[in-house]
1. For B:ASN32, work out the one condition from (1) of a type outside the set (Lys, Arg); (2) within 13 Å of DNA strand D (Cβ to nearest atom); (3) open to solvent by less than 70 Å² (accessible area, probe 1.4 Å) it doesn't fulfil.
2. Please go through the stretch B:94-104 and give me each residue that is more than 9 Å from DNA strand C (Cβ to nearest atom) and either in contact with a Cys (Cβ under 6 Å, 6 or more places away or on another chain) or not polar (S, T, N, Q) (or both), ordered by number.
3. With respect to A:LEU100, is the statement that it is open to solvent by less than 30 Å² (accessible area, probe 1.4 Å) and of a type in the set (A, V, I, L, M) true?
4. How many residues are surrounded by 15 or more Cβ atoms within 10 Å (Cβ to Cβ) and assigned to a helix (DSSP H, G or I) when one looks only at the stretch B:121-134?
5. Considering only residues that are near DNA strand C (Cβ under 9 Å from one of its atoms) and crowded, with 16+ Cβ neighbours inside 10 Å, which ones fall in the stretch B:55-69?
6. Condition (residue is surrounded by fewer than 18 Cβ atoms within 10 Å (Cβ to Cβ) and either in contact (Cβ under 8 Å) with a residue 60 or more places away in the chain or not in a helix (DSSP H, G or I) (or both)) applied to the stretch A:135-144: is it met by at least one residue?
7. Report, ordered by the first and then the second residue, all pairs with beta carbons closer than 6 Å, sequence separation of six or more or different chains, a first member in the stretch A:70-88 that is surrounded by 15 or more Cβ atoms within 10 Å (Cβ to Cβ), and a second member that is in a loop (DSSP other than H, G, I, E, B).
8. Identify all residues within the stretch B:108-134 that are in contact (Cβ under 8 Å) with a residue 60 or more places away in the chain and facing chain A (nearest Cβ under 7 Å); write none if there are none.
Protein chains: 2
Amino acid sequence: MPNNQFKRGELYSFITGKASTAIARRLQKKFNAAGLNITIEQWSVLYHLWKQEGISQQELCNATFRDKPSITRLVDNLEKLNLVKRVASESDRRINMIYLTKQAQKLQEDTMALAEETLNEALETVPADKVDICKEVLQIVYDNLK
Amino acid sequence: MPNNQFKRGELYSFITGKASTAIARRLQKKFNAAGLNITIEQWSVLYHLWKQEGISQQELCNATFRDKPSITRLVDNLEKLNLVKRVASESDRRINMIYLTKQAQKLQEDTMALAEETLNEALETVPADKVDICKEVLQIVYDNLK
DNA sequence: TTTGAATAGTTGCACAAACAACTATATGCC
DNA sequence: GGCATATAGTTGTTTGTGCAACTATTCAAA
């Protein structure tokens, strides 16, 4: 058995994701304090659209590691907030291309700054080489299970 | 700036907790496949009650890193499933002491085995010393933000 | 001892996730 | 061309989360 060295408390933390939950909550509070009326989940969709917009909902599913109903409803809510719009594809009418509004483009800089700030607070006092190893392990975990 | 070395994809993963989400999903599937009719969140409450039962809902809040309404509803659902029962404290009538049923006691062995199995799959190919560093970093992150 | 603050728990609301079942469109094979 | 199958997206249901507002009980200080 390769890694059967789990003590109980640690097993619990790994499964429940205490650390990432804490990071997400802190970031959400920063959004709220800044008067940015979006959720972390909505931000995670915008995050990928800032990298490339005009992608399909299915591509958003893959990018955000969510299923199709989740993306449908996140896009619904982002549309209500006037942050994205669905545009039916000309070549394949099953597909919605998702585009950012000007309002959403304005959000990028502020929210990314708050995200970096949050991670800096989270990783304060952690040496950079340990952070690297941690990122590496989490990536392998994801690849092992996806 | 201590740890401002985030590349974008990594920032995203840290905040969204891709790895822990993947672990939780895998474990949920194992529960379902084994015919164990409980959610990961319900399991996380039972997990602490197996260590010590007869604790208050507030103590469950602290242990599971959830707020009071979340615990109220998780205990509601666990009670519907006949896995726990609320017992009003004699000394302080505001407090519910939460006790396990026999049915819940039977669940411990099987679910813990599936949880360990899941973590072994997740951490296959990861050297033990890197796992230790990862656990350490995640603990510091949690302590920095809580 | 009474009154105000703190604590334990519950309820309502909005948002999100997982699953199953559904519609609409496209594709490929005969 | 026509039908089976795959793909893109939507909807309904159950469960969970976070926040605010609420009730009940306890505690502490005037």
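The values are calculated or read from the model by the stated rules, or taken from the named source; none is laboratory data. The shown structure was predicted, so the numbers you read here are calculated from the model rather than taken from an experiment. Cβ atoms come from the backbone with ideal geometry, glycine included; neighbour counts cover every protein chain shown. For the accessible areas, the whole protein counts, side chains as well, though only heavy atoms, and no ligand, DNA or RNA atoms are used. Shrake-Rupley method; radii C 1.70, N 1.55, O 1.52, S 1.80 Å.
1. (3)
2. To start, the set of residues in the stretch B:94-104 that are more than 9 Å from DNA strand C (Cβ to nearest atom) comprises B:99-104.
Matches in the stretch B:94-104: B:TYR99, B:LEU100, B:LYS102, B:ALA104.
3. Values: open to solvent by less than 30 Å² (accessible area, probe 1.4 Å): yes; of a type in the set (A, V, I, L, M): yes.
Yes.
4. Quick first cut of the stretch B:121-134, residues surrounded by 15 or more Cβ atoms within 10 Å (Cβ to Cβ) only: B:121-123, B:126, B:130-131, B:133-134.
Now drop any that are not assigned to a helix (DSSP H, G or I), which leaves B:121-123, B:130-131, B:133-134.
Counting residues in the stretch B:121-134 that are surrounded by 15 or more Cβ atoms within 10 Å (Cβ to Cβ) and assigned to a helix (DSSP H, G or I) gives 7.
5. Across the stretch B:55-69, the qualifying residues are B:ILE55, B:SER56, B:GLN57, B:GLU59, B:LEU60, B:CYS61.
6. no
7. A:LEU83/A:THR101
8. B:ALA115, B:LEU119, B:GLU121, B:ALA122
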